[in-house]
Every structure is written in structure tokens, then in C-alpha cells.
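Peer 1: Structure below; questions to follow.
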Amino acid sequence: MATICLYQDTRHEEPLHWIRSQLGIGYLSRRNDGISEIRINGFKQVRTILSWLLPYTRFKKVQARVIYRACDLLARKEMSALTKKDKIFLCHCLLTVQEHNYATRRKKTFRELCTAIGLTP
């Protein structure tokens, strides 16, 4: 699943309503921790939003491009129709996003990613 989340303090959520109305997709919810969020789910929807946002993206541009390419593939093909080459491509996409994120938790290896999507490297 691909998801774009936009977060805002619930006291200032009005811009999120505007963004959702402009995009015409996604849903807005209020979390228990005082944060409101718009969630846009699905490969086609994420691909569409990224195609609109990529020209204006300043931070996380590498991740946005790679996620766009992965979503493009996954929007065109069912998971069962993915070739070995497609799956390896997706593993490399995941590795690229992982390498460019600031996450402090343990990152997955290429072998772990391949195993997760049904490949044995």
C-alpha cells in the first residue's frame, strides 16, 4: 500500500480541508493526540499526487521520484503479474527511499526486502 499523509495540529486544520478540497481525494481524520491528517491511499492516487507535486518538491525529491516510479509500476500491474525484474526494481526503490530517510530504526537489507516480496536473491 502507498499512502501520502499530511499532518497538522488540529487547532489549525483548516488548510488541510482546503488541500483536500483542491485535490478531490483522500480523507481527513482527527487523531487522539491533537493532530489532524489527510491520508491518500493507493498506488494510482499517490502516483497522481506525486506527479503534481514533484515539480515543486524541494526536500525529499529523491524519495518522491523513486516512490512515483514504484507507484507507476504498481498502478499498471497486479502484484501477481510482477516479473522477477519488476520485484528487484521495487526492492531497489525501497532501498533508495530507506537510504535517504532519517529513520533511526534498523533498516532492511536487500535480501530482507527480496524475501518480503517473495524473491530469493
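Peer 1: Any residue that is assigned to a loop (DSSP other than H, G, I, E, B), assigned by TED's automatic domain parsing to the domain that holds LEU113, surrounded by 10 or more Cβ atoms within 10 Å (Cβ to Cβ) and under 17 Å from the mean Cα position of the chain (by Cα) - is there at least one of those in the stretch 57-66?
Peer 2: Yes, because at least one residue in the stretch 57-66 is assigned to a loop (DSSP other than H, G, I, E, B), assigned by TED's automatic domain parsing to the domain that holds LEU113, surrounded by 10 or more Cβ atoms within 10 Å (Cβ to Cβ) and under 17 Å from the mean Cα position of the chain (by Cα).
Peer 1: Sticking with this one: Please go through (1) more than 24 Å from ALA116 (Cα to Cα); (2) out of contact with any strand residue (DSSP E or B) (no Cβ under 9 Å at 6 or more places or on another chain); (3) of a type outside the set (Val, Ile, Thr); (4) free of Cβ contacts under 8 Å to residues at least 40 places away in the same chain for TYR68 and return the number of the only condition it doesn't satisfy.
Peer 2: Tallying (1) more than 24 Å from ALA116 (Cα to Cα); (2) out of contact with any strand residue (DSSP E or B) (no Cβ under 9 Å at 6 or more places or on another chain); (3) of a type outside the set (Val, Ile, Thr); (4) free of Cβ contacts under 8 Å to residues at least 40 places away in the same chain, TYR68 fails exactly one: (1).
Peer 1: If I filter the stretch 67-80 for residues that are among the β-branched types (Val, Ile, Thr) and assigned to a loop (DSSP other than H, G, I, E, B), do I get at least one hit?
Peer 2: no
Peer 1: With the requirement that a residue be among the charged types (D, E, K, R) and surrounded by 11 or more Cβ atoms within 10 Å (Cβ to Cβ), what does the stretch 67-83 give you?
Peer 2: Hits for the stretch 67-83 are ARG69, ASP72, ARG76, LYS77.
Peer 1: Could you check, for the stretch 89-102, whether at least one of its residues is part of a loop (DSSP other than H, G, I, E, B) and at pLDDT below 90?
Peer 2: Yes, some residue in the stretch 89-102 is part of a loop (DSSP other than H, G, I, E, B) and at pLDDT below 90.
Peer 1: Could you please tell me which pairs satisfy a Cβ distance under 6 Å, a separation of 6+ or placement on different chains, a first residue in the stretch 88-109 that is touching a residue at least 40 places away in the same chain (Cβ under 8 Å), and a second residue that is of a type outside the set (D, E, K, R)?
Peer 2: The qualifying pairs are HIS100/VAL62; HIS100/GLN63.
The values are calculated or read from the model by the stated rules, or taken from the named source; none is laboratory data. No experiment lies behind these values; they were computed from the predicted model shown. Because the Cβ atoms are built from the backbone with ideal geometry, glycine has one as well, and the counts that use them run over all protein chains shown.
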